[in-house]
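Working notes, beginning with the structure itself.
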Ligand SMILES: Nc1ncnc2c1ncn2[C@@H]1O[C@H](COP(=O)(O)OP(=O)(O)O)[C@@H](O)[C@H]1O
Ligand SMILES: [Mg+2]
C-alpha cells in the first residue's frame, strides 16, 4: 500500500502540469458543489426566516369548548366562537418554566389573544389582539426587527400596531386609542410602537398589547389562551410536540401540521440542489476517469515492466486507484478552500443583505464535498485501474 | 550440475484458422544451474516467445515447463507472478526501466514489490549492484538522464536484485554500441561467477554469443545445440 502510494505520487509529480490541470478541474467541480450548497442552504434559510421564521414551531392552543353541546354542531358558529372568545388554558402558566427548561427550546411566549376593536376619534377598525409577556415581545416573531417607529416593548397602557392600521386610522406614535374586546371591556392605550412586516397582512390586523392589558380586556385573571414555543431546530418540532403534550397534558401542535406547503417547497428546492450537485460530482468522476484512462494507456509499457518484475494485478490497480484518490483529495481540498474563500464576503448565519445572493457560508458542506469527491475519484479510477492491471505484459513491453 | 529449467515438447501457436502461426513446435530444453547460454536464431524464429514462456509471462499452447521443481504450466496466475518475482530476472531490449524513477529506485523495485516497501537492506544491495555495474556515481540519477548502455546496466542490476536463480535477457545488447555491449556481457560473466546465476541471453550477434559458455539455436521451432 505504502509502496503503491509512492509510485502513485511519483506518477502525479512526473507530469506536474497535467496533474495540476486535473486537480484544478476537480477543484472547480467541488467549488460548484460548495457554492450550490451554500446558495441552496442560504435560500432555504431565507425562505424560512421570511415565512416560517416568524411563527411558532410548537404551539399549545386552548381547545374550544365542545361545540356539539353548546351550538348544535354549526361549524361556522364554532369558528366564530373560538376566534372571538378564546378558550382558557388554566394550567398553562404552570408549565412555562418547565417547557423553557427542555433542551432544544429557544423561547416560550405565553399569550392571551382574542378579537376586538380599535377606536381613534370617529374611526373604528377590527383587530385581533395579541397579549404578549413584557420582555418576550420578540420571542416568536421578531417584533424588534419590524418596529419602524417607537419601541416593541409592551408595558401597561401601551399598544403596538401595524403601519397600515396606523395609516387607516390616521394614528401617530404617542397618540392614544381606545381598545375594546369582544367581552365588552374597554381600555385607553397609548401607541408606543408602529411595526411593518411588509407582507401587508398582519400590519392591518394585529395589535399587540401586554399580557396584563389582555387579561383585563378578556376578563381572564388567570390562565392563557395560547403558548407559543420556538425551538433551536425547527425540524425538531414534530418530535418535540408530543413530548410537550406528554409532559403538560396540553395539546401541543407542530408548525408542520399547517406548514406542509412550506416544507414541500423547501424539499423541492433541496432536490434541485441535489440535482445540481450530482452534476458537479458526475463531471468530477468523468474527468478523473478519462484522465486516468489516458494515463494508464500512456504507461502501458511500464505496467508491463512492473508485472514482469512480479507486481501483482492488485498492486497495479492500487497504484492507479491511489492516483485517483490523491487527485480527488487534492482537488477536494483546493476546491473547498476556493469555495470558502469565495463565500467569505457573504455574511454568515442568514444575515442576508437585500439584493445580494442569499448565500450562507456555513452551509457549504465542505466535508461532504471533499468526502464525495474522494469517493467519486476512487470509483472513477477503479475501471481504468482494472483495465491497466489486465494489460498483457508481453504485448505492453513489446510496444 | 543440476537442471534448473526443464522444458519438454513445448508448443506455442499464435492465432487460429487462417492466421494460425506455429512458432514453437515441440521444443525440448534443459538449462543447468549456473550456465550462461546464448539463444541464437534469425529474427522471427521465436526467441522472444521462448523467453517470455520461460519467464512465466506467457502460457505455452502445450507442453511441460518446470523450474526449481515447480510445474509452471499448472500454476495459477498469482502463483506465477510471485514465482517470477523471487526466482526470475528480466532484461529487455526496449522499455526496460521506469522512466520517472531513479536508477536505485528501479534496481530495488523487485525487492520493494516483495517486501511491500523499500527496505534499507534492499537499498544497500541496490547500491552495491549499481557499483558493481560501474554506476556508483549514477545511483540517484533519473533513468531518463542515462545513456543506453547505462540503462541496460541498471536493468541487469535490477534483474539480479532478488538473487534470482535465472536471468532471461532478450537481446540486451541489441540497442548498444560494441563497447557498451561488451561491458554488459562482462558484467554478466562476473555476476555468474560471483553469484552462480543462470543466464539465458537471446541475440542474433555471433560475437556476443561467443562470449557465452553454451550456444542454443532456435530452428523451425526447436532448439538445437
Ligand atoms: N502475440 C503474438 N501474436 C501473433 N503472433 C506473434 C505474437 N508474438 C510473436 N508472434 C510471432 O511469432 C513469431 C516469433 O516471434 P518472436 O518470438 O518475437 O521472434 P524473435 O524474438 O526470435 O524475433 C513471429 O513470426 C511473430 O510474428
Ligand atoms: Mg525478439
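Every read-out reported here was derived from the displayed coordinates using simple, explicitly stated rules and does not represent laboratory data. In this text the structure is predicted, and so the values were computed from the model without any measurement. Positions of Cβ are generated from backbone atoms using ideal geometry, with glycine treated the same way; all protein chains shown enter the neighbour counts.
Summary of values
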item	result
Alpha carbon centroid spacing (whole Å) that separates the stretch A:187-243 from the stretch A:1-25	63 Å
Three-way shape label, the stretch A:82-250, alpha-carbon gyration tensor, a/c 1.5	prolate
Cα centroid separation, the stretch B:164-195 to the stretch A:281-340 (Å)	36 Å
Rounded, prolate or oblate (a/c below 1.5 giving rounded, otherwise prolate when a/b exceeds b/c) for the stretch B:40-184 by Cα gyration tensor	oblate
Burial ranking of peptide ranges A:236-248, A:109-121 (average Cβ count within 10 Å, highest at the top)	A:109-121, A:236-248
Most to least packed among B:83-91, A:98-106, A:20-28 [average Cβ atoms within 10 Å]	B:83-91, A:20-28, A:98-106
Residue A:119/residue A:142 FRET efficiency (R0 41 Å; Cβ-Cβ; nearest 0.05)	0.90
Chain A: relative contact order in percent, alpha carbon pairs under 8 Å with at least 6 residues between	27 percent
Label point distance in nm, residue A:239-residue A:196, each placed 7 Å from Cα along Cα→Cβ	4.1 nm
Theoretical gain in end-to-end length, residue B:217 to residue B:204 [0.36 nm per residue, Cα-Cα removed]	3.7 nm
Rounded tilt (10° steps) of B:120-132 against the dominant C-alpha axis of chain B	80 degrees
Rough spin-label spacing in nm, given labels placed 7 Å along Cα→Cβ, for residue A:392 and residue A:175	9.8 nm
Inter-label distance for residue A:362 and residue A:24, nm, one decimal - labels placed 7 Å from Cα along Cα-to-Cβ	3.5 nm
Angle in degrees between helix B:77-87 and the longest Cα principal axis of chain B, rounded to the nearest 10	50 degrees
Contour minus Cα-Cα distance for residue B:177 and residue B:61 (0.36 nm per residue)	38.1 nm
Percentage relative contact order, chain B, counting C-alpha pairs under 8 Å, at least six apart	30 percent
Extended-chain gain in nm, criterion 0.36 nm per residue less alpha-carbon gap, residue A:102 and residue A:2	30.9 nm
Two-site FRET efficiency, residue B:28 against residue A:269, from Cβ-Cβ distance with R₀ of 51 Å, rounded to 0.05	0.10
Whole-Å distance, taken between Cα centres, linking the stretch B:66-103 and the stretch A:86-150	84 Å
Highest to lowest packing among A:187-193, A:287-293, scored as the average C-beta count within 10 Å	A:287-293, A:187-193
Kirkwood Rh in Å, taken over all unlike Cα pairs in the protein assembly as shown	31.6 Å
Rounded tilt (10° steps) of A:16-50 against the dominant C-alpha axis of chain A	10 degrees
